[in-house]
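Q: Here it is: the structure, laid out below.
The values are calculated or read from the model by the stated rules, or taken from the named source; none is laboratory data. Source: prediction; values computed, not measured. Note: ideal-geometry Cβ built from the backbone for every residue, glycine included; neighbour counts use all protein chains shown. All accessible areas refer to the heavy atoms of the entire protein, side chains included, with ligands and DNA or RNA removed. Shrake-Rupley method; radii C 1.70, N 1.55, O 1.52, S 1.80 Å.
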Amino acid sequence: ILRQRTPDFMAEDAFYADAARNLLQHGFYGVNGNPETTQPPGLPAILALLFRIFGYSYSICVVAMAVFETLGFLLAYELLRRRVRNVVAGSICLILMSSPVVFAWSTRFVYACLPYFFTTMAALLCAEECEKANTGRSQFVWSAAFALAVVASLLIATGTIALLGAILMVVLATALRDRQLARRQLL
């Protein structure tokens, strides 16, 4: 209800919107015919999906940012309540959510930090659930969800997606060196 109401994107928001529009129209990640090599493609991909479903609109993107913030705080609450009382966890999340700075960011700007917050909280929750999993199947499911959340986080807010290959190589090398450890991780 209290979101920014402007007809078009402003400041840094314009880059994400232009990159998303290029993804939709040309299947190309870049702006003005130039490939983008410094910004990760995650947020423009999310915006492209939103544009495909709802049409090109600044307000849709701002609403999506508020949704990502809310979902991120719900996951943060779930993580916190496992360590402290519900009242304390809820108070922490409500105080942070109602902060004027956080509220302004989630209702006026299109930034990668809010989807990143959501995917990072999801990754932490999945990692915790994976550690508690009793069966091989549930451990596999939580591990896959964890991996997906980590990849999404890397694609949204870091240019180091190339490190994903290095991470996979370390996991593979560890699995080849210690087959028992690899079996335990897969089962």
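Q: Please work out if Glu129 is in contact with a Ser or Thr (Cβ under 9 Å, 6 or more places away or on another chain), touching a residue at least 12 places away in the same chain (Cβ under 8 Å) and charged (D, E, K, R).
A: yes
Q: Within the stretch 62-114, track down each residue that is closer than 26 Å to Phe51 by Cβ, open to solvent by 60 Å² or more (accessible area, probe 1.4 Å) and aliphatic (A, V, I, L, M).
A: Val63, Val67, Leu71, Leu74
Q: Could you list, ordered by first residue, the pairs with Cβ atoms under 8 Å in which the first is in the stretch 68-81 and in contact (Cβ under 8 Å) with a residue 12 or more places away in the chain and the second is of a type in the set (Asp, Glu), at least 6 apart or interchain?
A: Short answer, once both residue conditions are applied: Leu79/Glu128.
Q: Taking the criterion of being polar (S, T, N, Q) and within 22 Å of Asp8 (Cβ to Cβ), would at least one residue in the stretch 65-77 satisfy it?
A: No, that holds for no residue.
Q: Looking only at the stretch 31-61, how many residues end up being open to solvent by 20 Å² or more (accessible area, probe 1.4 Å) and either outside any helix (DSSP H, G or I) or not basic (Lys, Arg) (or both)?
A: Of the residues in the stretch 31-61, 21 are open to solvent by 20 Å² or more (accessible area, probe 1.4 Å) and either outside any helix (DSSP H, G or I) or not basic (Lys, Arg) (or both).
Q: Scan the stretch 123-156 residue by residue and report those that are closer than 19 Å to Phe68 by Cβ and basic (Lys, Arg).
A: None - no residue of the stretch 123-156 is closer than 19 Å to Phe68 by Cβ and basic (Lys, Arg), so the list stays empty.
Q: OK, next. Could you tell me how many of the residues in the stretch 106-129 are farther than 18 Å from Gln39 by Cβ and modelled with pLDDT under 90?
A: Number of matching residues: 3.
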